[in-house]
Amino acid sequence: MIVLCAHRLFTPRKEILNPLLFIEDGRISAVSSRAQQEIPKNATVIDFTRDLPDVILAPGFVDIHMHGGAGIDVMLASLAELPRLNKFLTTHGVTGYFPTTVAAPLDQTCTALRRLADAIEVAQSDLASRGDDIQALPLGIHLEGPFLSHKRRGVHPPENLLEPTLQVFERLWQAARGHVRMMTIAPELPGAIEVIAEAARRNVCVSIGHSDATLEPVKAAIKASARHATHTFNAMRPLDHREPGILGEVLTSRQLTADIIADGIHVAPEVVKLFLRAKGVARAVLITDATAAAGMPDGTYQLGPIQVEVKDGRCTILGETDGKLAGSVLTMDRAVRNVKQFAGWSLQNSIRAATLNPAAAAGLAHHGQLTPGAEANLVVLSPEGEVRRTIVRGAPS
Ligand SMILES: [Zn+2]
């Protein structure tokens, strides 16, 4: 048994002062305050307050929309390269993530999905994150495309966009061996509602986005069990006060959780604040939408089939001058600190938007919270939200 001691702990629903966190076989067995429980004699005690008196324990961050980092693109990486990305993610507090595709030719997408399914199964086999080699875990695949709106495609290549059909969805599902956990889809496309209902039936978190939808298809999508929205404001029909459209519903619906790229570039800080107010502490989700360029110097990088150029923290398509953003170089720890700064949220609530909320939105029951039965995936933070250590399945980095 391992027992962790800190100054504060966020479950993240609750705050516990002077906490003890008990880990057995890579899972959390109990969480309590020091006053409530004795430390068993045979336990291995790790007291983080020795190095940092006001140290905080929080669940490891869960990033449900991530294309790469540390020079690695999730669609192009080999199985041998992915650990470098997984290691990089832990340095920013991420313990679990959804590798996310972009719209590519179907064969290329299927090849990538097969490889990502391999990576997920390796992580599930429980050996990958033991010992000193701490790595974030790929937990499922997010299909961003090919069922996206031409009008709101962002940088997804138009020639790779497809109308939703059960046949194409089935092909992607088979290539991914059922590891698709999330799908971004434009609900106004012909055939979308049928695909949404089928994906939801397979426990995929269906997220509406890259969409020019008016209110009606959005309501139909929710009725067909869509339950989330992808990078709110970006690649979406803008809000109009008489034609509220997709944004009107996303911002006000209690049935939809929604995510946002809180880098201050994709969405202005004031609008991040508006989003957080609208969705509230329980429904706001932070994503990075990071590309291979995250954690790397300015330069040229690959985003699936797309070449992106990074300059001063902005990712744009190489050679295009219209300034369309092509993913980000955001990291999750930075997003959490930005939410504190942009909206004046507490560290506890900011952390919730990067842990419990994405895990709950994506149906990941054993992630994003420090409660008995959850995987022992944690981040050790300073009071300012700087990452000090990351722990995956009970093994500290
Ligand atoms: Zn993306």
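Please enumerate the residues belonging to the stretch 90-112 that are within 16 Å of the ligand (Cβ to nearest atom) and not hydroxyl-bearing (Ser, Thr, Tyr). Matches in the stretch 90-112: Val94, Phe98, Pro99, Val102, Ala103, Ala104, Ala112.
Inside the stretch 342-363, residues that are among the basic types (Lys, Arg) and without any contact (Cβ under 8 Å) to a residue 12 or more places away in the chain make up a count of 0. Among the residues of the stretch 317-326, the one identified as without any contact (Cβ under 8 Å) to a residue 12 or more places away in the chain and either surrounded by 20 or more Cβ atoms within 10 Å (Cβ to Cβ) or among the polar types (S, T, N, Q) (or both) is Thr321. Of all residues assigned to the stretch 75-87, at least one qualifies as being polar (S, T, N, Q) and surrounded by 15 or more Cβ atoms within 10 Å (Cβ to Cβ). Number of residues in the stretch 132-171 that are aliphatic (A, V, I, L, M) and away from the ligand (no atom under 16 Å from the Cβ) equals 7. You will find that of Leu256, Leu286, Leu251, the residue that is crowded, with 16+ Cβ neighbours inside 10 Å, within 16 Å of the ligand (Cβ to nearest atom) and over 19 Å from Lys324 (Cβ atoms) is Leu286 and no other. You will find that of Val329, Val380, Val339, Val310, the residue that is within 16 Å of the ligand (Cβ to nearest atom), over 24 Å from Arg181 (Cα atoms) and crowded, with 20+ Cβ neighbours inside 10 Å is Val310 and no other.
Based on what the data block shows, is Thr300 farther than 30 Å from Asp47 by Cα, among the β-branched types (Val, Ile, Thr), buried (at least 24 other Cβ atoms within 10 Å of the Cβ) and touching a Leu at 6+ places or on another chain (Cβ under 9 Å)? No; evaluated as a whole, the condition is false for this residue. For the stretch 94-117, the criterion of being modelled with pLDDT under 95, surrounded by fewer than 24 Cβ atoms within 10 Å (Cβ to Cβ), assigned to a loop (DSSP other than H, G, I, E, B) and not β-branched (Val, Ile, Thr) is satisfied by no residue at all.
Being under 28 Å from Ile134 (Cα atoms) and touching a Gly at 6+ places or on another chain (Cβ under 8 Å) is a property that Thr371 lacks.
Tell me, yes or no, whether the stretch 180-199 has at least one residue that is closer than 23 Å to Thr355 by Cα and assigned to a loop (DSSP other than H, G, I, E, B). Lay out the reasoning, then the answer.
So in the stretch 180-199, the residues closer than 23 Å to Thr355 by Cα come out as 180-184.
Okay, now just the ones that are also assigned to a loop (DSSP other than H, G, I, E, B), so none.
Checking the stretch 180-199: not a single residue is closer than 23 Å to Thr355 by Cα and assigned to a loop (DSSP other than H, G, I, E, B).
The set of residues from the stretch 76-88 being free of Cβ contacts under 8 Å to residues at least 60 places away in the same chain, out of contact with any helix residue (DSSP H, G or I) (no Cβ under 8 Å at 6 or more places or on another chain) and in a helix (DSSP H, G or I) comprises Pro83, Arg84, Leu85, Asn86, Lys87. Show the residue pairs that are 6+ apart or on different chains and have beta-carbon atoms under 8 Å apart, the first residue being within the stretch 135-157 and β-branched (Val, Ile, Thr), the second being in a loop (DSSP other than H, G, I, E, B) and within 13 Å of the ligand (Cβ to nearest atom). Listed by first residue and then by second, the contacts come to Val155/Val102; Val155/Lys324; Val155/Ala326; Val155/Gly327. Sort out which residues of the stretch 30-64 are out of contact with any Pro (no Cβ under 9 Å at 6 or more places or on another chain) and part of a strand (DSSP E or B), and write them in order of number. Result: Thr44, Val45, Asp47.
The values are calculated or read from the model by the stated rules, or taken from the named source; none is laboratory data. Because the structure is predicted, anything quoted here is derived from the model rather than measured. Cβ atoms come from the backbone with ideal geometry, glycine included; neighbour counts cover every protein chain shown.
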